[in-house]
């Protein structure tokens with residue numbers, strides 16, 4: 001029998017993870033295969049070439065381009081400081097001097113006797129890549145990066161903003177239904193990844209930035225508060241590059257939706273543990289989901305790879321799923337029946353359906369295409 005389903009979020013107490021950590025351009029890998037690393041460990045580094053600043057020396061000194069080299073005080077490959085004279089000409093029997101100063105710190109890269117311009121290259125920008133998770137280096141990619149492996153608790157979200165961050169988990173909500181408000185954010189949460197319940201306001205996010213909270217995880221947020229916090233509409237492009245001073249992940253969707261009970265319970269188990277978090281999200285081709293990872297003090301055992309085959313079998317009775325369409329959007333339950341025959345739904349389309357039992361005991365019939373599997 002054919003199956004129709006959407007592979008869903010992973011919410012698991014233990015899985016095996018591999019993270020590829022690459023430089024944006026070739027550089028130096030500073031660890032070796034077999035090394036144990038922490039999330040903060042720098043595993044590779046390189047330098048991004050600095051910007052170039054052209055200086056029209058010929059124009060500024062009112063001389064022909066071919067005379068520029070003769071008036072230069074600095075040669076190619078020599079370093080210069082901002083405001084330092086780099087060229088000087090004399091006029092009226094040497095009584096008057098005109099000079100050109102460097103607009104930036106850098107190195108003289110070239111002197112052209114055709115254009116009369118001097119090119120100054122600003123200092124290179126150092127770039128480092130850390131391991132992101134505590135684990136073991138299982139592969140070195142020469143001149144580019146590494147692959148780090150770990151056994152971890154792993155929670156994926158529906159949507160997020162902000163890039164990678166690291167901090168200790170701090171559960172502040174008493175229940176999955178409790179909203180995370182401004183009053184709940186305290187200065188002592190500096191550096192923490194704060195776990196709320198159902199919802200977060202823009203005021204709470206701004207207070208979290210003020211208190212230097214590293215990350216916030218809640219069930220949902222509405223578009224109004226998100227736009228108010230960011231200052232613009234998020235659009236459909238990949239997120240993760242927002243420079244707002246905090247990383248946010250929502251686990252259920254948009255609106256006011258309680259965090260799934262099993263997700264909230266897992267975060268309570270992980271309270272006070274160091275976590276790695278990334279809010280990057282892409283909802284089109286090449287899906288990227290926001291995530292929270294807590295590395296465990298044990299060796300990977302390929303459990304996740306073994307379980308993937310079971311997931312590919314499709315939906316079966318007992319599978320945990322989340323409804324991704326109204327009227328049960330965001331609700332989580334267990335598949336209790338998979339009728340083989342097609343059913344006519346409200347739109348009058350004939351589709352395959354399933355019976356789902358929610359946590360509160362209520363049962364419902366929904367199209368199979370309207371659910372996503374929660375990978376455990």
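When each of 168, 177 is tested for being touching a residue at least 60 places away in the same chain (Cβ under 8 Å), within 22 Å of residue 274 (Cα to Cα), surrounded by fewer than 22 Cβ atoms within 10 Å (Cβ to Cβ) and out of contact with any helix residue (DSSP H, G or I) (no Cβ under 8 Å at 6 or more places or on another chain), the lone residue that passes is 168. Inspect the stretch 195-207 for any residue being at pLDDT 95 or above, surrounded by fewer than 17 Cβ atoms within 10 Å (Cβ to Cβ) and in contact with a strand residue (DSSP E or B) (Cβ under 9 Å, 6 or more places away or on another chain) and give the result as yes or no. For the stretch 195-207, residues at pLDDT 95 or above, surrounded by fewer than 17 Cβ atoms within 10 Å (Cβ to Cβ) and in contact with a strand residue (DSSP E or B) (Cβ under 9 Å, 6 or more places away or on another chain): absent. Evaluate the following for residue 259: is it in a loop (DSSP other than H, G, I, E, B) and closer than 26 Å to residue 14 by Cα? In short, yes. Look at the stretch 195-210: where a residue is within 14 Å of residue 247 (Cα to Cα) and outside the structural domain of residue 272 (by TED's automatic domain parsing), no partner that is at pLDDT 95 or above and part of a helix (DSSP H, G or I) sits 6+ places away or on another chain with Cβ atoms under 9 Å.
Under 17 Å from the mean Cα position of the chain (by Cα) and either at pLDDT below 95 or in a strand (DSSP E or B) (or both) - does that describe any residue in the stretch 167-180? Yes - at least one qualifying residue is present in the stretch 167-180. Could you please give the count of residues in the stretch 227-240 that are surrounded by 20 or more Cβ atoms within 10 Å (Cβ to Cβ) and touching a residue at least 60 places away in the same chain (Cβ under 8 Å)? Residues flagged as surrounded by 20 or more Cβ atoms within 10 Å (Cβ to Cβ) and touching a residue at least 60 places away in the same chain (Cβ under 8 Å) within the stretch 227-240 amount to 1. Restricting the stretch 156-165 to residues that are assigned to a loop (DSSP other than H, G, I, E, B) and crowded, with 18+ Cβ neighbours inside 10 Å, the residue that is modelled with the lowest pLDDT is 158.
In the stretch 107-134, the residues that are without any contact (Cβ under 8 Å) to a residue 24 or more places away in the chain and at positive phi form no Cβ pair under 8 Å with any partner that is buried (at least 21 other Cβ atoms within 10 Å of the Cβ) and part of a strand (DSSP E or B), whether six or more places apart or across chains. For the stretch 321-348, filtered to residues that are surrounded by fewer than 13 Cβ atoms within 10 Å (Cβ to Cβ) and modelled with pLDDT under 80, the residue that is nearest to residue 373 (Cα to Cα) is 325.
Filter the stretch 277-298 down to residues that are modelled with pLDDT of 75 or more and more than 17 Å from residue 9 (Cβ to Cβ) and give me whichever is surrounded by the fewest Cβ atoms within 10 Å (Cβ to Cβ).
297
The values are calculated or read from the model by the stated rules, or taken from the named source; none is laboratory data. Worth saying up front: this structure is predicted, and the values here are computed from it rather than measured. Methodologically, a virtual Cβ is constructed for each residue, glycine included, from the backbone with ideal geometry; neighbour enumeration extends over all protein chains shown.
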